[in-house]
Amino acid sequence: MSRRAANALYYGLTHTALLLCAGILFCLLFAIIWQGAQAISLEFLISRARDFGTSGGIGFQILGSLLIVVTAAIVVLPLAVGTAIFRQSFIKSARRKNTLDTILYALNAIPSVTYGIFGLIFFVNILGTGLSWFVGSLILAMMMLPTVTLASHAAMQSLPSGYAENAAALGLTRGEVVRRVILPQSAHGIVTGLLIALARAIGETAPIMFIATAFSGTGIPRSLLEPVATLPTHILALAQQSTNPQALQNAWGASLTLVAFVALFSALAFFARRHLTRLSQR
Amino acid sequence: MSHAPHLKIISDNDAPLAAMPAISLKGFSAYYGENCIISDITLDIPRRGVTCLIGPSGAGKSTLLRSLNRINEHNAQASVSGKADVLGRDLASGYPDVTDLRRKVGMVFQTPCVFPRSISENVLFGLRGQKRPKSEKREIVERCLKAAALWDEVSRRLSDSALSLSLGQQQRLCIARALAMSPEILLLDEPTASIDPVSARAIENLVMDLSPQMTIIMVTHNIAQTKRISDHVVFLCDGKIVEAGAKTDIFSRRSLDKTRTYLTEEFCDC
């Protein structure tokens, strides 16, 4: 095969792959937006679900989803950043660094349902917490931990090595180097990692299905130990009633809302990265 | 392990202080893992003046410099042995808090590395956390930038990003930042290697201006520069001191053949 033909083949194959991926995504989004838009209204977004979701809206599901992921973010942020700082600044042995990386990649690869089963056994069965949105947040935080840690660490690793060395040469302690140099300069990576992990977590059903959510009869939780309704489990419940056209319509509406939240977190991640990177290089 | 001769640099202009060297090394060695980079050297560096460390690449000049404020400890594989006194205190046991050592022994690296902050914030970077009145901070910024021969160029844009400066200006800002800590010893690791000749000359003038007030130890590959700015010269090769002494002796016909060959042909066969 001539070089020109090989190039053309390579170009054709890669573009076909790109078009295929973009096409699938476009079809999926088009279907969700087209079907979901018919269900969306202000009332649908703020009112509570009735008749197992076949009527009413998804107000409590939106609230529950946000509550559970924002709490997970609050829990995971210090853990992930602390782990990344420890990996970057305090572990000297390459072997220990590799071991930590392997653990993080392994945690990232664990299927989400396994986290849910662990939460069910450990929190619900052994500790007897019952269904609780806080436990759901803890499990989601565990699931988000590797993503946020790896993103934070990647941002720290991308800093010029001279920063830490120059700061240390000025007599700054390791803690001061972390606080004054490493954290401000890697803030963009930490925030981006967190928002990407949030975008993933808000769509998760399996980890919280058994431990944090109720399919009906929930409102605004009055304590950490009460369950909440969430969008993914609501969609699951509605999908199981798909023979009912109203339930199906509401499922599309809830799906569109969920996709909008994922898109919002992803867009925020994009803008946070651009804005914070620019700020750190000012 | 071979033993280097005990070499003592005697300052020409400050005989009493020469008895109390700024840095005193006895049987000092430095390693990276199993590799011995500096082998059993003995050397006294007097207070005040410029001491240039010269020698071919891999001679151990930068390793020696990095050992003197223990910045080499950032590398997990780095270790040292032997006796080293800095400002009259043992390098290890005399400075249980390494930050105390680094405030006394400032360092500027080969590649200028300013923090992505304003020019004045860069100067004050090492002092952050210490509560001082604004007027005192302004005074420190002005004094250090003047000492680093940068004040005239940046006095009207102190709040501009330090990244907007040229490389030569950034390197002088790094020196100003180190001076803000009021170090007694200043270590310069090839500070003119990555900048243009005009900026390099500005830094040379700056080093000569600072030399009456502090001990400056500078690694350089530039023989002409060594001749221009040094008071004392240490010629290192393959981790050992070949010769050390006052510049006038090193650059005279009295120096060893090896030294003369290196100084004239920039070649070393050790």
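The values are calculated or read from the model by the stated rules, or taken from the named source; none is laboratory data. Keep in mind it's a predicted model, so treat the numbers as computed, not measured. Don't worry about glycine lacking a Cβ; one is built from the backbone with ideal geometry, like all the others, and counts go over all protein chains shown.
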Any residue that is farther than 19 Å from B:Gly106 by Cβ and over 14 Å from the mean Cα position of the chain (by Cα) - is there at least one of those in region B:172-190? no
Filter region A:239-264 down to residues that are crowded, with 21+ Cβ neighbours inside 10 Å and either modelled with pLDDT under 90 or hydroxyl-bearing (Ser, Thr, Tyr) (or both), then give me how many there are. 2
Provide a single number: the residues in region B:42-95 that are within 14 Å of chain A (Cβ to nearest Cβ), in contact (Cβ under 8 Å) with a residue 12 or more places away in the chain and assigned to a loop (DSSP other than H, G, I, E, B). 5
May I ask you to verify whether A:Arg200 is among the basic types (Lys, Arg), at the interface with chain B (Cβ under 10 Å from one of its Cβ atoms) and either under 19 Å from the mean Cα position of the chain (by Cα) or more than 21 Å from A:Pro111 (Cβ to Cβ) (or both)? no
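Of the residues B:Arg254, B:Arg201, which is modelled with pLDDT under 90 and outside any loop (DSSP other than H, G, I, E, B)?
B:Arg201
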Could you grab me the full set of residues in region A:146-168 that are outside any helix (DSSP H, G or I) and more than 7 Å from chain B (Cβ to nearest Cβ)? A:Ser158, A:Leu159
From the options A:Ile91, A:Ile126, A:Ile85, residue that is in contact (Cβ under 8 Å) with a residue 12 or more places away in the chain and either within 14 Å of chain B (Cβ to nearest Cβ) or among the β-branched types (Val, Ile, Thr) (or both): A:Ile85
Which numbered condition A:Pro184 fails, given (1) surrounded by fewer than 18 Cβ atoms within 10 Å (Cβ to Cβ); (2) within 19 Å of the chain's Cα centre (by Cα); (3) within 14 Å of another protein chain (Cβ to nearest Cβ): (2)
Only unsatisfied item for A:Gly128, checking (1) touching an Asp or Glu at 6+ places or on another chain (Cβ under 9 Å); (2) farther than 28 Å from A:Lys92 by Cβ; (3) assigned to a loop (DSSP other than H, G, I, E, B), is (1)
If you check B:Gln110 against the conditions, is it touching a residue at least 24 places away in the same chain (Cβ under 8 Å) and buried (at least 18 other Cβ atoms within 10 Å of the Cβ)? no
Does A:Ile190 satisfy the condition of being within 17 Å of A:Ala151 (Cβ to Cβ), away from chain B (no Cβ under 14 Å), buried (at least 17 other Cβ atoms within 10 Å of the Cβ) and within 22 Å of the chain's Cα centre (by Cα)? yes
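Taking the options A:Thr277, A:Thr243, A:Thr257, A:Thr218, name whichever one is over 23 Å from A:Phe118 (Cα atoms) and within 14 Å of chain B (Cβ to nearest Cβ).
Details: A:Thr243 fails: within 14 Å of chain B (Cβ to nearest Cβ); A:Thr257 fails: within 14 Å of chain B (Cβ to nearest Cβ); A:Thr218 fails: within 14 Å of chain B (Cβ to nearest Cβ).
Only one candidate passes the filter, namely A:Thr277.
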Looking at (1) within 14 Å of another protein chain (Cβ to nearest Cβ); (2) buried (at least 19 other Cβ atoms within 10 Å of the Cβ); (3) at pLDDT below 90, can you tell me which one B:Thr192 breaks? (1)
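Condition first: within 11 Å of chain A (Cβ to nearest Cβ), in a loop (DSSP other than H, G, I, E, B) and of a type outside the set (Asp, Glu). Now tell me which residues in region B:96-119 satisfy that.
Matches in region B:96-119: B:Phe109, B:Gln110, B:Thr111, B:Pro112, B:Cys113, B:Val114, B:Phe115, B:Pro116, B:Arg117.
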Out of B:Cys144, B:Cys174, which single residue is free of Cβ contacts under 8 Å to residues at least 40 places away in the same chain and within 14 Å of chain A (Cβ to nearest Cβ)? B:Cys144
Looking at region B:206-227, is at least one residue over 21 Å from B:Leu167 (Cβ atoms) and more than 17 Å from the chain's Cα centre (by Cα)? no
Among (1) touching a strand residue (DSSP E or B) at 6+ places or on another chain (Cβ under 9 Å); (2) within 14 Å of another protein chain (Cβ to nearest Cβ); (3) in a helix (DSSP H, G or I), the one test that A:Gly171 misses: (3)
Here is a check on your reading of the model: is B:Gly168 more than 15 Å from the chain's Cα centre (by Cα) and either under 25 Å from B:Ala59 (Cβ atoms) or within 14 Å of another protein chain (Cβ to nearest Cβ) (or both)? no
